[in-house]
Every structure is written in structure tokens, then in C-alpha cells.
Amino acid sequence: MFRSSSFTPFALALTLVALAACSGGSRIPFERGVGPDPALPPAQRERIPIVHIAPAKGWPGVATPVPAAGLQVTRFAGDLVHPRWIHVLPKGDVLIAESNAPPKPEGSKSLKEKAMGVVMKMAGAGVPSANRITLLRDVDGDGVPETRSVFLENLNSPFGMALVGNDFYVANADGVVRFPYVTGATRIEGTGTKLADLPAGRNHHWTKSLIASRDGARLYATVGSNSNIAEHGLEEEEGRAAIWEIDVKTGAKRLFATGLRNPNGMGWEPTTGALWTVVNERDELGSDLVPDFLTSVRDGAFYGWPYSYYGANVDVRAQPQRPELVAKAIKPDYALGTHVAPLGMAFAEGNALPATYASGAFIGEHGSWNRHPRAGYAVVFVPFIAGKPTGMPLTVLSGFLSPEGDAYGRPVGVAIDRRGALLVVDDVGGAVWRVTAAK
């Protein structure tokens, strides 16, 4: 489409923003793409991707996100460098991965990728990766850490973390690394030992989430796709858009579930023991497709990407077509809304919040870059009954957008701390927020 060498990525990004700003017309209500059985509109192919990003601004003064009624929020930590993920150790120490995408070789970028790089910088993702994990220790539980230290450094775009016995695992952009851990340690030295490689390369989706099985024998790692709809070729997608299962003793791995465009946070549902994840779905089918989702994950199951979405809804852009795979595609359990970008996910088990939040999943919605009006930019709670999501999501934290449409912050990882409070990582705000019951 844009063949002139004078049409720079920055100019393309500005054009996309201008087109989005000028776009009008009625929109299908946002609620149409939310819930256990969402109604889906017809696809609207976009010749140019809509861009409607909230430019990163950061929190002014003492401003904070806005909690729901019955809740209060305080700043647990600040001055972090693009914090993304969180892990709470058994004794209560909180680990924060300060991380960003690894650099891409300049020759590997298409014009569209360069333009999207400009857009992502506008969203606050333009800082180099700190490549470290920071430890926060709040001994007395007052919500103010007494200790802050560098727990691990010199990593490669770290994201997911897991502790199994005396072994601490980190999911870097290119694989899972094991480090020896001593209870109570505030720092780990050394380079660690590679347990298993994970697909890397172009790293269109670089984040690798990690969770250990209940018995500690296996790790599960998420790997997002290398593209929107396999436009770079299926060979670029080998082993991607999937969840891998890794044996902690041998490092042997196998594909556990596939067809998940960009899975991120995972958790074990407390009543059934099933693995669940949140997934970022495909783009460029309009503001109202495709819903991002929360779903249980079955061993060996295929969830549609790139050939279909939300079950058997065929995406005609995927070539060659694979009707035999579409016929096997599992419909997700719960739609979170289009382009809300769910990243963090934590089940409510053990939380000390009001009874409304006793059973279900907390989800950090990083927020849309390509929806008009914007969606996400919030932490929501999806209620569960008997191990299944039900009803509409409840907003837990909002206020991440300014009245002018700038992003004060963007929620990412979420976790329940040792005392039952909800912790929320905010990459644009460089902070961790702590949500408790209002006093």
C-alpha cells in the first residue's frame, strides 16, 4: 500500500492516528463482546489499522487509580522502570520484573512493524529493558516495604517467575532459566542454568508467562504469536501462539495447548484445579472484533488462531485455510471485550477483600491501542460460580486515563499478597498499587 521510501514509520503512525481521530459513525455497544456467550458482529476488514492509543503520561502528584466502592488503594512501590510482572514468594516477599521487549535487528522490521514501534513508544513502551527483578519486603504488613533490593539482574527481557522448592525459575524472552534459591534471600547471584529454550526471533509478542503445577513437577510457559494473523508465514509461528509444558527435572517440553494468539497470565482455578489463562486476540477486523478472552486450557486443545476466532468463526485472511482445524477449535469460556489487552490474571483464593470478590479472577487490562472508543485500562474482576465464570465483569480499579485521554498508568500483572491484598503492577506509572478493603 505505502511504497514510497519517503513515507516514514513516524509519518505512517501519524496518519493512522489522524484517520482514527476522524473516524465516525455508530459503534456496536462494548458490552456486546463481553460475557460467557458474547454476540459477535460481522468482521470489518481494515485497510489501515485503527490507532487510538492513550499516550503515556504518568501519574500527576499524589494521584492514584480509582478503587471500586468498598475498596481503597495505596502506592506499594514507585520509581520502577517499566515494571511488568509480579510473583509473591511463600514468605511474602514480592518480586517485580522490570522489563521490556528485547531489541529487534533493524533489518527484521517491516514498515508496518516500524510504524507500530512508534505507536508503542507513545504508549510508554519505548524505554530499554532494565532486565532485572526487584524484591520488595513488607515485614509488618502495613503496605510499605521496608526492604527494596535487586534480586536478579542481567536477564533477557524477564517476565514470568516461579518457585519450586529451592529452585527459582525465570521466563526470559528466549527460554526458561533456573537459579538456586535460599529462603529469605534478598539477592541471587550467578547466571543460572538454561532449563528449556522457547521460541524467540522477531518477538512480535515477547512476554513469556510462567506457572508451576501444583506438585511442582512441571512448568507451563506462554508464547505469543509472531504476528497478527501469520502474515510473515507459518514457519515464523513454529511453536508459538501456544502454552508449553516443561519437565522441571529434564527440561523436556511439549505443546500443551495451541491456537492461542497471545496468552499471558495463568492460574489454577481453586475448585476444579484446571489451568486458566487470558488471551489477547487478533486485530484489524474492526473496533468490535475480536474479543480478548479468559478461558480454561485443555491438554491438547486447539483454540483457533490463526484460522478462526472464538470457536469456528473463520478468518478468511489466514492462508491457506484449514477447515479441519477450524472444526476442532475450542470456543473460549468468557469474553472480556474487544482489544482490552488482558495481561495479568490471579484467582481470588485467599484474598481479604469484601465478599463480592471471594470467588473469581482478577484481570489486569493493559488497554487498547486500536479501538475507538478506547477499552480496558482497568483492573476487573470476573465472578466464578462452581469453577466457571458468570455474569458481567466488575471494575476494581479505574481512573488510569486522564480526561484528555492520556494514560496516567496501564495495569499489567496482578497477584494476591500474603495478607490477602490485591497487588497491581502499572508499567506506565512505574508503580505497584495495593488494593485492600476500605476502612
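So here's what we get for this one:
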| read-out | value |
| --- | --- |
| Of every Cα-Cα pair in the range 163-313, the percent that sits beyond 24 Å | 34 percent |
| Shape category assigned to the range 348-439 from the gyration tensor of Cα positions, a/c cut at 1.5 | oblate |
| Karplus-derived HN-Hα couplings along the range 348-359 (A = 6.51, B = -1.76, C = 1.60, θ = phi - 60°), whole Hz, x at Gly and Pro | 6, 3, x, 7, 10, 8, x, 4, 3, 9, 6, 9 |
| Carbon/sulfur fraction of accessible area - the range 276-372, other protein chains in place, 1.4 Å, % | 52 percent |
| Rounded to the nearest 20 debye, dipole of the range 265-417 from Cβ charges on Lys, Arg, Asp, Glu | 300 debye |
| Tail weight of P(r) past 19 Å, computed on alpha-carbon pairs of the range 221-296, percent | 43 percent |
| Dipole-positive endmost among Pro42, Tyr310, Gly273 within the chain (Cβ charges, Cα centre) | Pro42 |
| Phi-based couplings in Hz for the range 296-307 (Karplus 6.51, -1.76, 1.60; Gly and Pro marked x) | 6, 10, 9, 4, x, 7, 10, 10, x, 5, x, 7 |
| Alpha-carbon centroid distance for the pair the range 243-267 / the range 372-396, whole angstrom | 25 Å |
| Cα-based shape type of the range 234-362, given that a ≥ b ≥ c are square roots of the gyration tensor eigenvalues and the cut on a/c is 1.5 | oblate |
| Contact order normalised by residue count of the range 46-110, Cα under 8 Å, 6+ apart, percent | 18 percent |
| Long-range amide H partners of Ala230 with built H, under 5 Å | none |
| Dipole of the chain, positive direction: furthest Cα of Gly420, Val340, Leu135, with charges on the beta-carbon | Val340 |
| Net charge contributed by nearby residues that have their C-beta within less than 10 Å of Ala312 (K/R +1, D/E -1) | +2 |
| Relative contact order [Cα under 8 Å, 6+ residues apart], the range 346-439, whole percent | 25 percent |
| Over the chain, relative contact order from alpha-carbon pairs under 8 Å, at least 6 apart, % | 19 percent |
| Relative packing of 53-66, 223-236, which averages over residues the other C-beta atoms within 10 Å, highest first | 223-236, 53-66 |
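The values are calculated or read from the model by the stated rules, or taken from the named source; none is laboratory data. Just so it is clear, the structure is predicted and the values come from calculations on it, not from any experiment. Quick reminder, even Gly has a Cβ in these numbers, built from the backbone with ideal geometry, and neighbours come from all protein chains shown. Only protein heavy atoms, including side chains, enter the accessible area calculation; ligands, DNA and RNA are left aside. Shrake-Rupley method; radii C 1.70, N 1.55, O 1.52, S 1.80 Å.
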